[in-house]
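For reference, the structure is listed below as structure tokens.
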Amino acid sequence: MIAKKLTPTAVRQGWEILRQWRPALTTAEWWGVEDSFERAIGAVLVQRTTWRQAFQALTALRKAGWTQPATLAALDEAVLRQQIRPAGFYHAKAATLIRLAQWWTEAGGKEFFHTMSTLHLRQELLSIRGIGAETADLILSDALARSTFVVDAYSRRIWSRWLGITELEDDFVRRTVITTLEQRSNLSRLHALLVELGKDHCRKGKPRCVGCPLQQSCVYYRGRPQEG
């Protein structure tokens, strides 16, 4: 059945199917990064590129000893650009990373963030030039352990194809997922599962429907011309 908007029932159904598809996948495994600020760096580096390229740039920063907030905040922007070239868009990302590190340091770091509400933190992150809603929510969810959900191209594409949803307004989707799943670890893990599904099966160009865990109930799959 084609749905107009995302519903709590659809969120729960998708969550159950996807966590059975990849039962061992955890947020820590998905990131391959434990440190909170390194995850925040990664959230900026992965903008408009792949995690492979972003991780290459993050590794270069690690080797240089530049993944601490105070150290990164004091770096010369031109020097930083050279280290993060593998992630692409390195002029813009270098400037954003320095602004993020300065904000993180001036605000008092992760320990001080515990005194701030999630809404306040989100507004603070969005005030940093170069950080949009998707990056802010990724930092909140996976670097600062807050209950939010990252609405990105993967989640929009999967829900649109799977359920035929025609209205995927980001704030509505975020609120629906948060109020349905509630538990922070589930919200973070659902995002990781959707990204993995988007990379493995529900690709932007030609999706690989064979083996997709959502195949049997997928509006897109049932409506596409059958091969052969």
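Values in this text are rule-based calculations from the coordinates and carry no lab data. All values reported here derive from a predicted model rather than from experimental measurement. Cβ coordinates were reconstructed from backbone atoms using ideal geometry, including for glycine residues, and neighbour counts include every protein chain displayed.
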- Query: Does anything in the stretch 100-117 have its amide N under 20 Å from the 7 Å Cα→Cβ label point of Ile178, and if so which residues?
  - Reply: 113-117
- Note on the structure: In order over the stretch 123-130: 3J(HN,Hα) from phi, Karplus 6.51/-1.76/1.60, θ = phi - 60°, whole Hz, x for each Gly or Pro, gives 5, 4, 5, 5, 7, 7, 4, x
- Query: Treating the beta-carbon of each Lys and Arg as +1 and of each Asp and Glu as -1, no other charges, what is the dipole magnitude of the stretch 28-143 about its Cα centre, to the nearest 20 debye?
  - Reply: 440
- Query: How many nm is it between the label spots at Arg156 and Gln68, if each spot is 7 Å from the Cα in line with the beta carbon?
  - Reply: 4.0
- Query: If you average the sequence gap of Cα pairs under 8 Å that are 6 or more apart and divide by the length of the stretch 28-143, what percent do you get for the contact order?
  - Reply: 30
- Quick one: P(r) of the stretch 128-228 from all Cα-Cα pairs, 5 Å bins, percents rounded to integers, in order of increasing distance. 2, 12, 21, 23, 18, 13, 6, 3, 1, 0, 0
- Task: Place +1 on the Cβ of every Lys and Arg and -1 on the Cβ of every Asp and Glu in the chain, take the dipole about the Cα centre, and give the residue among Val151, Leu214, His114 whose Cα lies farthest towards its positive end.
- Result: Leu214
- Message: Using the Cα centre of the stretch 1-48 as origin and beta-carbon charges of +1 (Lys, Arg) and -1 (Asp, Glu), tell me which of Ile17, Ala40, Trp30 is placed farthest towards the positive end of the dipole.
- Response: Ile17
- Query: Taking Cα atoms, how many degrees apart are the long axis of helix 90-107 and the longest axis of the chain, rounded to 10 and kept between 0 and 90?
  - Reply: 70
- Treating the angle as unsigned and between 0 and 90°, give the value, to the nearest 10°, between the Cα long axis of helix 8-21 and the longest Cα principal axis of the chain. 80
- Task: State the volume of the convex hull built on the alpha-carbon positions of the stretch 3-83, expressed per residue in Å³ and rounded to an integer.
- Result: 147
- Item | Cα-centred dipole magnitude for the chain, charges only on beta-carbon of K, R (+1) and D, E (-1), debye, nearest 20 | 840
- Item | Answer label for semi-axes √(5λ) of the Cα gyration tensor in Å (calculated), chosen among (i) 52, 18, 11; (ii) 27, 21, 16; (iii) 33, 20, 15 | (iii)
